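Engineer: Following this message is one structure expressed as structure tokens.
The values are calculated or read from the model by the stated rules, or taken from the named source; none is laboratory data. No experiment lies behind these values; they were computed from the predicted model shown. In this analysis, Cβ positions are derived from the backbone assuming ideal geometry, glycine residues included, and neighbour counts consider all displayed protein chains.
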Amino acid sequence: MKQRRLHDGMELFRRYEGNPILTAAEWPYPAHTVFNPGAVVLEDGTTLLLCRVEDHRGISHLCAARSENGIDNWRIDPTPTFAPEPQCFPEEIWGVEDPRITFIPELRKYAIAYTSYSRGGPGVSLALTEDFKSFERMGVVMPPEDKDAALLPRRFGAYGTWVLLHRPSTQIGAHIWISYSPDLRHWGSHRLMLMARRGAWWDANKIGLSPPLIETPEGWLMVYHGVRQTASGAIYRQGLALFDLEEPSRCLLRGDEWIFGPETEYEIHGDVPGAVFCCGATIAPDGDTLRLYYSGADSCIALATASIKKLLEWLKCTGRPPVLPQA
């Protein structure tokens, strides 16, 4: 199978040979597709995927799947884990989608940033949980049109502010922004963080965060998706950037090339052909292997792995600081 490689032949991402690892056929109740899972390793070492499940109406909810090794033998909740509640949260009337999970040590809770879909379009909502059984919904924190959001795991700066990455669609385009909050509910100091490029670039039309940022000694490693519109439709691929540990709004390096794109049958054919899209990743017990849980063509869940060390090496060799115009 063809793989995306570095200039010296070093492989970056390797697909799991048993892909896809989860499809609607495994689900314990009727589902059209399962895709775009958030991912986290729980305290007992279990990997939990909070999967987006689209029903036959086209409305999405979230359902948890658990595995001891993060690869196979998934145990799926028999009913939806996190279903829309439009009676109390009208922004969820058309479903909840694309969760990204961050463990917050200060709160001893998991924060789920997800897309709430309403008549106004997609917006960003937050929920907190200790056990993925009961949830404290915090409601909309970024109104439509906004999505692809994730929290950083701790406070920053002299005032101890929380940090949220998200992707609003504005008159200047669909770029990644960063915002700050004293309490996880009221957000401000919005700042453009990383821009989609223009013209023939692989990330020319829009970009968005993939999994939550990954903390490394070199900085916050960002895996992000870029979209290029072609005559036959959009192509979704993955790229890399690196941000300062103490000032996460400051981009240190951005790779010019995409590093992971659709190649296989399950990535090319499906509800959204030609798309690899990721909301969740975990780090294996060796501390270096990144496990990327991604959607193939918005129709199944697959797994790819990479060395964090090699991803950083690639960025150092091929990346450059971006030029970021003012919003």
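Engineer: Exactly one condition in (1) assigned to a loop (DSSP other than H, G, I, E, B); (2) crowded, with 19+ Cβ neighbours inside 10 Å is false for residue 193; which is it?
Structural biologist: (1)
Engineer: Could you please tell me which pairs satisfy a Cβ distance under 6 Å, a separation of 6+ or placement on different chains, a first residue in segment 39-51 that is farther than 22 Å from residue 296 by Cβ and modelled with pLDDT of 95 or more, and a second residue that is buried (at least 21 other Cβ atoms within 10 Å of the Cβ) and among the aliphatic types (A, V, I, L, M)?
Structural biologist: So the pair list comes out as 42/48.
Engineer: What residue, of 260, 243, is surrounded by 21 or more Cβ atoms within 10 Å (Cβ to Cβ), in contact with a strand residue (DSSP E or B) (Cβ under 7 Å, 6 or more places away or on another chain), within 20 Å of residue 164 (Cα to Cα) and aromatic (Phe, Trp, Tyr)?
Structural biologist: Details: 260 fails: within 20 Å of residue 164 (Cα to Cα).
The conditions single out 243.
Engineer: Any residue at all in segment 224-231 that is closer than 30 Å to residue 18 by Cβ and either basic (Lys, Arg) or assigned to a loop (DSSP other than H, G, I, E, B) (or both)?
Structural biologist: Within segment 224-231, the subset closer than 30 Å to residue 18 by Cβ is 224-228.
Filter again for either basic (Lys, Arg) or assigned to a loop (DSSP other than H, G, I, E, B) (or both), leaving 228.
Yes - at least one qualifying residue is present in segment 224-231.
Engineer: Look at segment 214-235 and say how many of its residues are in contact with a Ser or Thr (Cβ under 9 Å, 6 or more places away or on another chain) and either farther than 17 Å from residue 313 by Cβ or modelled with pLDDT under 95 (or both). I'd like the intermediate steps shown before the answer.
Structural biologist: Let us first name the residues in segment 214-235 that are in contact with a Ser or Thr (Cβ under 9 Å, 6 or more places away or on another chain), namely 222-225.
Going one step further and asking which of them are either farther than 17 Å from residue 313 by Cβ or modelled with pLDDT under 95 (or both), we end up with 224-225.
Qualifying residue count for the region: 2.
Engineer: Only one of 124, 163, 141 is under 22 Å from residue 58 (Cα atoms), modelled with pLDDT of 95 or more and either β-branched (Val, Ile, Thr) or more than 20 Å from the chain's Cα centre (by Cα) (or both). Can you tell me which?
Structural biologist: After applying the criteria, what remains is 124.
Engineer: Tally the residues that are part of a loop (DSSP other than H, G, I, E, B) and of a type in the set (A, V, I, L, M), restricting the search to segment 294-316. Steps first, answer last, please.
Structural biologist: Kept after step one, since they are part of a loop (DSSP other than H, G, I, E, B), are these residues of segment 294-316: 297-299.
Filter once more, keeping what is of a type in the set (A, V, I, L, M): 297.
The qualifying residues number 1.
Engineer: Which residues, taken from segment 34-82, are touching a His at 6+ places or on another chain (Cβ under 9 Å), assigned to a loop (DSSP other than H, G, I, E, B) and closer than 14 Å to residue 101 by Cβ?
Structural biologist: 81
Engineer: Let me ask something else about it. Determine if segment 122-130 includes at least one residue that is part of a loop (DSSP other than H, G, I, E, B) and closer than 21 Å to residue 164 by Cα. Walk me through it before giving the result.
Structural biologist: Just the residues of segment 122-130 that are part of a loop (DSSP other than H, G, I, E, B), to begin with: 130.
Then drop every residue that is not closer than 21 Å to residue 164 by Cα, which leaves 130.
For segment 122-130, residues part of a loop (DSSP other than H, G, I, E, B) and closer than 21 Å to residue 164 by Cα: present.
Engineer: Within segment 246-262, identify whether any single residue is within 27 Å of residue 54 (Cβ to Cβ), assigned to a strand (DSSP E or B) and not small (Gly, Ala, Ser), and answer yes or no. Even if it seems obvious, please write down each step before you answer.
Structural biologist: Looking only at segment 246-262, we keep the residues that are within 27 Å of residue 54 (Cβ to Cβ), and these are 258, 260-262.
With the extra rule that they be assigned to a strand (DSSP E or B), the set shrinks to 260.
So of that shortlist, the ones also not small (Gly, Ala, Ser) come out as 260.
Yes, that holds for at least one residue.
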